[in-house]
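Coordinate-derived values only; no laboratory data. Because the structure is predicted, anything quoted here is derived from the model rather than measured. In this analysis, Cβ positions are derived from the backbone assuming ideal geometry, glycine residues included, and neighbour counts consider all displayed protein chains.
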Amino acid sequence: MRLTLVVALLVTLGAATAHADTPAQILDRVAAAPDDAKVAARAIADLDAYIEAHPDDAEGPMTRAKIQSHVGKKEDAAASYELALRIDPKTPDADYNLAVVLLDLGREADAVKHLEAAVVVNPKDVDAYYNLGQVHYNHQRYAKALAAWQKSLALAPGDFTSAKKIVQAYNGLGRDKDAAKARAVVVKLWKDSKDPGVQKLTEYVIDQFVVGDHAVMAYEPLPGNGAPVVFRFTVHGAGGAVTDAFAIEQAGKGYVVSRTRADGTRTELKVKLGKKLPGWKKLRATMQRAMRTALDAAP
């Protein structure tokens, strides 16, 4: 999930304002010394005073929230963003920034409310739609995730990340034909991309699911890599570490399923796939059964 907090600490904030005690000037001080805890603490104290003197100005708590978030005081930052929204419900970026902080705090239900509010205040907020889609996807609300990611891609048509998420949503819904069309869009965006980070990719995530206590990421290679792997699956244990990798590989006129353990040991599983792979919905179910059997077996 890409969580883009609109903090603006490390960028130029424009010409200095007339008085050193305005929120913009206070933020300037922190931007000039972003790693100095004493500067941040003084800035927060000055903003406390500003907020007391200007209770109707949302810029005060908004700026304080940015600094509090910057120094890791997430709970305090959330409270400050909430104050800014009480003063002015349309404070730019407040709902989105609050949602990002709430996601960091694990308060996803509250974050969804503010992401939804963020796209009402700013209907062109690509990141808000993207993150809204990710939260819905995490809770298997695939239709809502799809709608949010379609909106983020419509707002940023060249966004490879949103495009691949649409593939994941369709796969979650079991809509194989739509997923195939979406995968074609992903490949085209990859080929046309001028982004070095996208250009160097050799595969991308097309699905995420659970097998027992393990989280699984399913990858599809991008064209032209010359490898026999058709699909790759990484199995993640506690803490997110990869414990095993499974793959569907071309072998002659058919396909084989392999398992590679953390120590590098590779074995082929007794899984019959035939000469033509089924659609993803059926293939995923087959792989889930195969992985569950392999992972439950004695080492």
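Per-residue ellipticity at 222 nm from helix content only, as computed over the chain with -39500 (n - 2.57) for each DSSP H run of at least four residues, stands at -16500 deg cm²/dmol.
The trypsin sites (Lys or Arg not before Pro) found in the stretch 54-115 that occupy coil by DSSP, while having at most 13 further C-beta atoms within 10 Å, are K90.
Give me the angle, in degrees from 0 to 90, between the Cα long axis of helix 94-104 and the longest principal axis of the Cα atoms of the chain, rounded to the nearest 10. So the inclination is approximately 50 degrees. Near Y204, the amide H atoms lying under 5 Å from its own belong to E220, L222; only residues 5 or more places off or on other chains count, and H is placed 1.01 Å from N. Over what distance in Å are the Cα centres of the stretch 25-51 and the stretch 210-270 separated? First find each Cα centre; the distance between them is then 49 Å. Between the Cα long axis of helix 23-32 and the first principal axis of the chain there is an angle of about 60°, rounded to the nearest 10.
Name the residues of the stretch 128-149 whose amide N is less than 18 Å from a point 7 angstrom out from the Cα of K181 along the C-beta direction? Within reach of a label on K181: 143-149. Rounded to the nearest Hz, the phi-derived 3J(HN,Hα) couplings of the stretch 273-286 under the Karplus curve 6.51 cos²θ - 1.76 cosθ + 1.60 (θ = phi - 60°) are 10, x, 7, 9, 6, x, x, 4, 4, 6, 5, 4, 4, 4, where x marks glycine and proline.
Amide H contacts under 5 Å for V271: V257, restricted to partners 5 or more places along the chain or on a different chain, H placed in the peptide plane at 1.01 Å from N.
Along the stretch 167-184 the Karplus relation, 6.51 cos²θ - 1.76 cosθ + 1.60 evaluated at θ = phi - 60°, assigns HN-Hα couplings of 4, 4, 5, 4, 5, x, 7, x, 9, 4, 5, 5, 5, 4, 5, 5, 5, 5 Hz to successive residues, with x for each Gly and Pro.
K113 sits among other residues whose Cβ lies under 13 Å from its own Cβ, and their net charge, with Lys and Arg +1 and Asp and Glu -1, is -4.
The mean sequence distance of close C-alpha pairs (under 8 Å, at least 6 residues apart), as a share of the length of the stretch 239-281, puts its relative contact order at 30 percent.
Calculated from the structure at hand, Rg/Rh (Cα atoms, Kirkwood Rh) is found among (i) 1.08; (ii) 0.99; (iii) 1.21 as (i). Taking a straight line from the alpha carbon of K164, these lysines sit under 23 Å away, with near neighbours fewer than eight places off in the same chain left out: K124, K144, K151, K177, K181, K188, K191, K194, K200, K281, K282.
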